Amino acid sequence: MALTAEDAARATATVDSDETEYAALPEQVLATTAAVELIERLRAKHGPLMFHQSGGCCDGSSPMCFPLGEFMTGDSDVQLGVVADAPFFMSKSQFEYWKHTQLTLDVVPGRGGMFSLENGEGVRFLIRSRVFTDEEIRTLRAAGRI
C-alpha cells in the first residue's frame, strides 16, 4: 500500500523521531544536481513548488512542476517523496506500474510540458528510473510503502 500525502507527513514525523528505524528505507524519488538547480530557480520565480508525474509508462516520462497547491491531489494520488523541498506525487494507478522503481528527476534540453513551470526555460524535467533490488523491495514492503 502506498502512502497518501497525510501518511507521508506522519512517516516523516516518525523518521524525525526515530532515525535509526528508517535509516535504510530507500528513497522512491531522487533529484539530480541539475534538477535541484532548476527547482531553486523556479522557486525564486514562483514560490513553493510541487510535482505530479504524468501518465507515461517509462523512462523519459514528463513530471509536471506546479506552484504548490495549484494541482489538486487527493485520494487517487500517492506522494512518493520530496525533492528539493517540493512534494512529488503520482496517481495511484500509475504508481502500480512504477512502485518497484526508484525515480530520479533530471533535466534535459528541450521544451517543458505546456503547463509545467519549466516551459520557456529551454530545458525540461525528465524521469529516469532503476528497478529496486530485492532487498530494497522487501524493505519498502515492510515499511508499507509498496
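Computed from the coordinates by the stated procedures, all read-outs in this text should not be read as laboratory data. Remember, predicted model here, so these are calculated numbers, not experimental data. A quick note on method: Cβ atoms are made from the backbone with ideal geometry, for glycine too, and the neighbour counts reach across all protein chains shown.
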Item checked: Cα gyration tensor, region 28-142 - rounded (a/c under 1.5), prolate or oblate -> prolate
Note to self: How much length would be gained if the chain were fully extended between Y97 and S129, taking 0.36 nm per residue of separation minus their Cα-Cα distance, in nm to one decimal?
What the structure shows: 10.3 nm
Note to self: Could you check the spin-label model distance between A24 and E40? Points 7 Å from the Cα along Cα→Cβ, value in nm.
What the structure shows: 3.3 nm
Checklist line | Peptide ranges 127-133, 94-100 listed from the most packed, as the mean C-beta count within 10 angstrom indicates | finding: 94-100, 127-133
